[in-house]
Each structure stands twice: as structure tokens, then as C-alpha cells.
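This report concerns only the one structure given below.
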Amino acid sequence: VESEKGRVTIDTEELVVGDLVYLKPGDIIPADLRLVSTNNLKIDEAILTGEAEPIEKSIDSLPEDTNLADRINMAYSGTMVQSGTGQGIVIAIGKETEIGKINDSLATIEVKETPLLTKVNEMNHSIFKGIGFFIVVLGLISFFGYGMSITYVLSAIIALIVSSIPEGLPSILTIILSSG
């Protein structure tokens with residue numbers, strides 16, 4: 001950054017809109033910049049645009065509706081200078097940068113359950129309700145009908161609960177759902 005003392009190096013957190021930033025090979029761009037001077041400046045924008053090759057930058061004016069990947073007069077936060085030198089004026093910092101906007105949009109993504117998972121969960125609930133009802137009926141018949149001790153009935157119920165969940169349940173559910 002340029003100051004009264006000449007060029008000084010400051011932390012990214014101290015940058016403000018309007019600062020002049022000098023770029024050289026190996027620099028990671030600290031904020032979104034509008035380039036005011038370039039000398040064979042090439043920037044790797046793969047993290048932002050997916051371009052495999054570094055983009056040669058210039059200071060040419062572009063229409064306002066130019067796509068992000070085609071804005072050759074801009075340098076974006078988080079991208080890296082591959083070769084050449086340049087200068088740019090900070091136009092956006094933090095969450096206002098293009099990378100910051102992407103991060104904000106990723107933070108708002110909702111996790112949605114697929115229809116298959118919804119059906120599998122519904123079927124699991126139905127199966128386990130049926131098995132639970134059957135186990136309770138067997139426990140009541142064993143205790144009241146046959147006069148078995150409560151500890152014996154409870155241990156039998158626990159054994160029935162554990163054994164009622166088959167290993168092949170996911171396979172069975174997949175077969176049932178696919179045949180439907």
C-alpha cells in the first residue's frame with residue numbers, strides 16, 4: 001500500500017476501500033481490486049472461475065454487465081499473481097468480495113432429504129412399530145398368560161428387540177422400494 005512514507009506492507013485486515021495495492025508474482029490478492037496499471041500481469045483465478053490457465057490482465061474499460069470470468073481489468077481476493085506486476089485500487093473487502101459472496105451463498109444451503117430417504121424412513125417407522133407391538137403382546141402373554149417372572153420376560157423382550165433388526169434390512173428395503 002502507498003502512504004506518505006512510500007510503499008508499506010500492511011495486514012489484509014487493515015485494508016480499506018480506496019487503498020492502492022501493489023502486486024508482484026507470488027502475491028495472493030488481499031481484496032477485490034480495480035487494476036490501474038499492469039505490466040504483463042497474469043493472475044490464476046481457478047478458485048473463482050475454474051479457468052485452468054492464468055488470465056492476462058489489463059486496465060481496459062469494460063461494459064458493466066461483463067461476466068466475472070471476462071473482467072480482465074479486475075483482480076479478485078484469494079486469487080494469485082502468477083507473473084508480472086500491477087497496481088490496483090481496493091473496491092471491496094471481506095464479505096463484499098466475490099469470494100465473500102460465494103461463501104455467504106454456501107452458508108445458506110439447506111440440507112434436503114431425498115424422496116428415497118423419506119420413503120425408507122417411513123417404512124422403517126412402520127416396520128418398527130409393528131415389531132414393537134408384536135413384542136409387547138408377546139411380553140404381556142408370557143407374563144399374564146403363562147405366569148413367567150418379570151426378569152425372564154424382560155430379558156426375552158430385550159433379546160427379541162435386538163434380534164428383530166435384521167442385517168439385511170437395507171437390502172430388503174431397497175428391493176421393496178425398487179419393485180414398487
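The values are calculated or read from the model by the stated rules, or taken from the named source; none is laboratory data. Since this is a predicted model, take the numbers as computed values, not measurements. So basically every Cβ, Gly included, is an ideal-geometry build from the backbone, and we count neighbours across all protein chains shown. Accessible surface is based on the protein model in full, side chains and every heavy atom, while ligands, DNA and RNA are left aside. Shrake-Rupley method; radii C 1.70, N 1.55, O 1.52, S 1.80 Å.
General remarks:
Residues are listed down the side, and each one gets a yes or a no for (1) on the phi > 0 side of the Ramachandran plot; (2) open to solvent by less than 50 Å² (accessible area, probe 1.4 Å); (3) under 28 Å from the mean Cα position of the chain (by Cα):
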{"residue": "Ile10", "(1), (2), (3)": "no, no, no"}
{"residue": "Leu15", "(1), (2), (3)": "no, yes, yes"}
{"residue": "Asp27", "(1), (2), (3)": "no, yes, yes"}
{"residue": "Ile47", "(1), (2), (3)": "no, no, yes"}
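- Put simply, of Ile176, Ile102 the only residue that is aliphatic (A, V, I, L, M), open to solvent by 60 Å² or more (accessible area, probe 1.4 Å) and within 26 Å of the chain's Cα centre (by Cα) is Ile102.
- Pairing residues of segment 93-115 that are closer than 15 Å to Leu48 by Cβ with residues that are part of a loop (DSSP other than H, G, I, E, B), at Cβ distances under 6 Å and at least 6 apart in sequence or on separate chains, gives Thr97/Ser77; Glu98/Tyr76; Ile99/Ser77; Ile99/Gly78.
- Of the residues making up segment 53-92, those that are within 18 Å of Asp27 (Cα to Cα), without any contact (Cβ under 8 Å) to a residue 24 or more places away in the chain and under 27 Å from the mean Cα position of the chain (by Cα) are Glu53, Ile55.
- Where Lys119 falls short, out of the listed (1) farther than 30 Å from Pro170 by Cβ; (2) open to solvent by 80 Å² or more (accessible area, probe 1.4 Å); (3) of a type outside the set (A, V, I, L, M): (1)
- Candidates Ile43, Ile72: the one that is under 14 Å from Gln87 (Cα atoms), in contact with a Ser or Thr (Cβ under 7 Å, 6 or more places away or on another chain) and open to solvent by less than 40 Å² (accessible area, probe 1.4 Å) is Ile43.
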